[in-house]
Amino acid sequence: MSENQKWNLKNEGREWSREEVEEKYFKLCPEKIELIEGKLFWNDEERLAMLAMLLENVGADKAVRLGDKEVWKAAIAKLEEQ
């Protein structure tokens, strides 16, 4: 995932424009889903790109309902400390 990649994450999920499909899906999406040593995709760069693409489509409001909310709060607290 390029450090210069701009993600448009919002609370509500959204559809991509045709330009975003060209920019993200065709350029960043791994060709296939692979499981390597217990992890999806080949490396963290591919995992983060896929996660960001899914978050744009699904939205943060739904994402934070996955797992324990205290984990999300702790992650945000770490981010605010930086």
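The values are calculated or read from the model by the stated rules, or taken from the named source; none is laboratory data. Computed from a predicted model, the values in this text were never measured in an experiment. Ideal geometry is used to build each Cβ from the backbone, glycine not excepted, and the neighbour counts take in all protein chains shown.
Tabulated results
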quantity: Candidates Glu12, Glu81, Glu70 - the one that is in contact (Cβ under 8 Å) with a residue 40 or more places away in the chain and loosely packed, with under 11 Cβ neighbours inside 10 Å; calculated: Glu12
quantity: Flag for Lys62 being charged (D, E, K, R), touching a Gly at 6+ places or on another chain (Cβ under 8 Å) and surrounded by 10 or more Cβ atoms within 10 Å (Cβ to Cβ); calculated: yes
quantity: Within region 35-59, tally of residues that are more than 26 Å from Glu23 (Cβ to Cβ) and either surrounded by 12 or more Cβ atoms within 10 Å (Cβ to Cβ) or among the acidic types (Asp, Glu) (or both); calculated: 1
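Residue by residue, here is whether (1) of a type in the set (S, T, N, Q); (2) under 15 Å from the mean Cα position of the chain (by Cα) holds:
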position	(1), (2)
Asn8	yes, yes
Ser17	yes, no
Lys24	no, yes
Phe41	no, yes
Gly59	no, yes
Val64	no, yes
Asp68	no, no
Lys73	no, no
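A quick yes/no check of all residues on (1) among the hydrophobic types (A, V, I, L, M, F, W, C); (2) at pLDDT 95 or above; (3) touching a Pro at 6+ places or on another chain (Cβ under 6 Å):
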| position | (1), (2), (3) |
| --- | --- |
| Gly13 | no, yes, no |
| Glu19 | no, no, no |
| Glu22 | no, no, no |
| Leu35 | yes, no, no |
| Trp42 | yes, no, no |
| Glu46 | no, no, yes |
| Glu56 | no, yes, no |
| Glu70 | no, yes, no |
